[in-house]
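This report concerns only the one structure given below.
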Amino acid sequence: MAIINQATKELQVKIVYYGPAKCGKTTNLEQVHSNVKVASPENKGKMVSLATSSDRTLFFDFLPIEAMAIKGFKTKFQLYTVPGQVIYNTTRQLVLRGVDGIVFVADSQYDKMAENVESFQNLTDNLKSLKMNLNDIPYVLQYNKRDLPNVAPVEYMDFLLNNREVQVPAFTGSASKSEGVFESLNMITRLLLNKFINESARK
Ligand SMILES: Nc1nc2c(ncn2[C@@H]2O[C@H](COP(=O)(O)OP(=O)(O)OP(=O)(O)O)[C@@H](O)[C@H]2O)c(=O)[nH]1
Ligand SMILES: [Mg+2]
């Protein structure tokens, strides 16, 4: 649930990057952190990462971004990644708490399809355990690592990961070259802000 502070006119939104181990979630946040354009430098938050020595996320990465004012509200996006390694499921559940929007990052390499599907299933299971449902949460898909030679066709990845009743926006990307990173982030923020505007219009 987005945090709306009527007193300070602030809207705080939590976006979680989810996906299997080494699919490129941390890389997405690093690219956003290096390339995001903000009105003034103090609007650019510090990126906090808790990683093992081999750069695997141990707990999560966190990057706050202050964005434009909308309907008189200052919007603050908090970007988080989960640790993709299967063993860290409790941490994934913790990071998912209070999530508003999700960028599901999939690894496009053919031999990662089973891990992608497993991670997507793990996402829906973890949301269920938090009494949330993916149908109610805006999310986008990012088919990452398209620069590698052994990638699966987009249609096949759509078939595996974007086969729910309502199809969601899916982007191809190479996060390490910053491709697809802002396309995914812009779309999820647009979906979230539309939801906020629609909900506040109904009140
Ligand atoms: N070739 C290629 N490599 C990438 C791409 N995106 C990320 N990588 C590399 O993949 C490796 C894993 O990336 P991370 O961003 O650490 O992956 P992660 O999803 O955060 O992994 P966990 O924290 O273990 O869940 C790193 O060596 C990245 O440089 C990409 O688009 N293409
Ligand atoms: Mg990581």
Subject >> Dipole moment magnitude, nearest 20 debye, the chain about Cα centre, only Lys, Arg, Asp, Glu C-beta charged >> reply: 740
**OP:** In a Gaussian network model over the chain where Cα atoms closer than 10 Å are linked, find which of A67, A114, A170 has the largest mean-square fluctuation.
**Re:** A114
Original post:
Along each of its three principal axes, how wide is the spread of alpha-carbon positions in the chain, in whole angstrom units, largest first?
Top reply: 50, 37, 30
**OP:** May I ask for the angle, rounded to the nearest 10°, between helix 25-35 and the longest principal axis of the chain, with both axes built from Cα atoms and the value confined to 0 to 90°?
**Re:** 50
**OP:** Once you've got the Cα coordinates, tell me which of K14/K46; K74/K145; K14/K74; K76/K195; K76/K145 are over 22 Å apart.
**Re:** K74/K145; K76/K145
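What order do you get for D107, D136, D100 when you list them from fewest to most C-beta neighbours inside 10 Å?
Numbers: D107 25, D136 8, D100 22.
Ranked by crowding around the Cβ, least crowded first: D136, D100, D107.
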Original post:
Under 13 Å from the Cα of K37, which aspartates and glutamates turn up, not counting those fewer than eight places away in the same chain?
Top reply: E66
**OP:** Putting +1 on Lys and Arg Cβ atoms and -1 on Asp and Glu Cβ atoms, find which of S129, A114, Q78 reaches farthest to the positive end of the dipole of the chain.
**Re:** Q78
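For the chain, calculate the relative contact order in percent as a whole number, restricting contacts to Cα pairs under 8 Å that are 6 or more residues apart.
On the way: 365 pairs, mean separation 45.8, N = 203.
Reported as a whole number, the value is 23 percent.
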Original post:
With springs only between Cα atoms under 10 Å, which of I15, I188, I87 fluctuates most in a Gaussian network model of the chain?
Top reply: I87
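Sort T81, T172 by Cβ crowding within 10 Å, fewest neighbours at the top.
Least crowded to most crowded, the residues run T172, T81.
Bear in mind these aren't lab numbers, they're just calculated from the coordinates by the rules spelled out. The structure displayed is predicted, hence computed values, not measured ones. Cβ sites come from the backbone with ideal geometry, for glycine too, and all protein chains shown count toward neighbours.
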